[in-house]
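Structure record follows, encoded as structure tokens.
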Amino acid sequence: MEKKIVTVGHIVYDIRNYVEKFPEPDHTAVMRMHPKVSGGGSAANVAVNLVKLGWKSGVIGNVGSDRHGKFLLSDLKRRGVDTSQVRVFNGMSGLSVIIIDEEGEVRIIEDYGVADRRRAIDPSYIAESRFLHMSGCAFHLLDSASKIASKRGIPISFDPGRAASRLGERKLAPILHRAEYLIINRKELFAMTGSREEAAAAWLAKKYDLICVIKQGAREIIVKTKSADSFTVEPFNVKPVDTLGAGDAFCAGFIAGVNENRSLYESVRFANAVAAAKVLRKGAQSLPSRRFICKRFKL
């Protein structure tokens, strides 16, 4: 039986509003179309994208007992993600109200709801997986999941996002010691270390014996290894429609590459293609098929 790739983190309900441009203070933004709704949250996004790339995946997270929670659960199941470890709590599901302008840039207003509610994680679920990906969420979830995976020798990737990077490097130290891959952008690097410079990423890679991948949107990806080696990978040039979920698409592509035994360089290159394909479509979970990606970017 093929082992799953497991993700841990937020599952949220996205309400997307497409506007001509972001509103200035005390001004109105005109919508270009009716609002759209869909599943979101980094852990859910990565799990959905992995299925689209041909991998079995499962997600560990929380939803509320409201109608949004029912939708999120059913939608994940419909997309082929295992939801046996999604806990339903009384209360409101995580919610994101998102504004996207004509350039595909994004602004987000978020209420985590029950997404970070304290809960136990079934050790056997992670122990029987082939890989663990952790996105930004409550520290207790990151700590519990990474302890289980590390003890069983299961590789870990960690994308702290806005939610966890603000905890800082010192608080996240136990998580970083257990991770093989740290995937961040410069804002998150600054939140963790107080510096946006590549030297800070190299320092993290060396101190915690991991590979640090710096996402830069439409610019080249920078990779720092524990041996202080460094290289860059050029992005694929596309005109974005919606950048929401691009980072999660990158993570899914990178994880797929690593689990397909691609080189580090080729894993990042494949991740770039997956992220580029995502921004061509609206919504965080709108990744086209692997066949489309490979044909479009000549992989």
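Odds and ends about this structure:
- Options Ala191, Ala163; residue that is among the hydrophobic types (A, V, I, L, M, F, W, C), closer than 21 Å to His140 by Cβ and free of Cβ contacts under 8 Å to residues at least 40 places away in the same chain: Ala191
- Candidate set from the range 25-56 (those that are in contact (Cβ under 8 Å) with a residue 60 or more places away in the chain and assigned to a strand (DSSP E or B)); member that is farthest from Glu260 (Cα to Cα): Lys36
- Answer residue from the range 196-211, given it is under 22 Å from the mean Cα position of the chain (by Cα) and more than 15 Å from Arg186 (Cα to Cα) and is surrounded by the fewest Cβ atoms within 10 Å (Cβ to Cβ) among those: Asp209
- The set of residues in the range 87-99 that are farther than 7 Å from Val63 by Cα, of a type in the set (A, V, I, L, M) and assigned to a strand (DSSP E or B) comprises Leu95, Val97, Ile98, Ile99.
- Meets criteria (in contact with a strand residue (DSSP E or B) (Cβ under 6 Å, 6 or more places away or on another chain), in contact (Cβ under 8 Å) with a residue 40 or more places away in the chain, under 30 Å from Ala149 (Cα atoms) and surrounded by fewer than 24 Cβ atoms within 10 Å (Cβ to Cβ)) for Gly113: yes
- Residues satisfying the stated conditions in the range 1-24, i.e. in a loop (DSSP other than H, G, I, E, B) and β-branched (Val, Ile, Thr): Ile11
- One residue stands out in the range 256-269 among those that are surrounded by 18 or more Cβ atoms within 10 Å (Cβ to Cβ) and touching a strand residue (DSSP E or B) at 6+ places or on another chain (Cβ under 7 Å): the one that is farthest from Leu280 (Cα to Cα), namely Leu264.
- Strands (runs of 3 or more DSSP E) wholly inside the range 100-192 containing at least 3 residues that are modelled with pLDDT under 95 and among the charged types (D, E, K, R): 106-111
- Screening Arg262 against (1) touching a helix residue (DSSP H, G or I) at 6+ places or on another chain (Cβ under 8 Å); (2) within 18 Å of Asp159 (Cα to Cα); (3) at pLDDT 95 or above leaves a single unmet condition, (2).
- Flag for Asp159 being more than 20 Å from the chain's Cα centre (by Cα) and within 23 Å of Phe270 (Cβ to Cβ): no
- Some residue of the range 273-292 being closer than 23 Å to Gly161 by Cβ, among the aliphatic types (A, V, I, L, M), touching a residue at least 60 places away in the same chain (Cβ under 8 Å) and out of contact with any helix residue (DSSP H, G or I) (no Cβ under 7 Å at 6 or more places or on another chain): no
- Residue that is nearest to Val37 (Cα to Cα) [pool: residues in the range 57-81 that are crowded, with 18+ Cβ neighbours inside 10 Å and in contact (Cβ under 8 Å) with a residue 60 or more places away in the chain]: Leu72
- Applying the criterion of being surrounded by fewer than 24 Cβ atoms within 10 Å (Cβ to Cβ) and touching a Leu at 6+ places or on another chain (Cβ under 7 Å) to the residues of the range 232-255, the residue that is nearest to Val279 (Cα to Cα) is Val241.
The values are calculated or read from the model by the stated rules, or taken from the named source; none is laboratory data. None of these values were measured; they are calculated from a predicted model. Quick reminder, even Gly has a Cβ in these numbers, built from the backbone with ideal geometry, and neighbours come from all protein chains shown.
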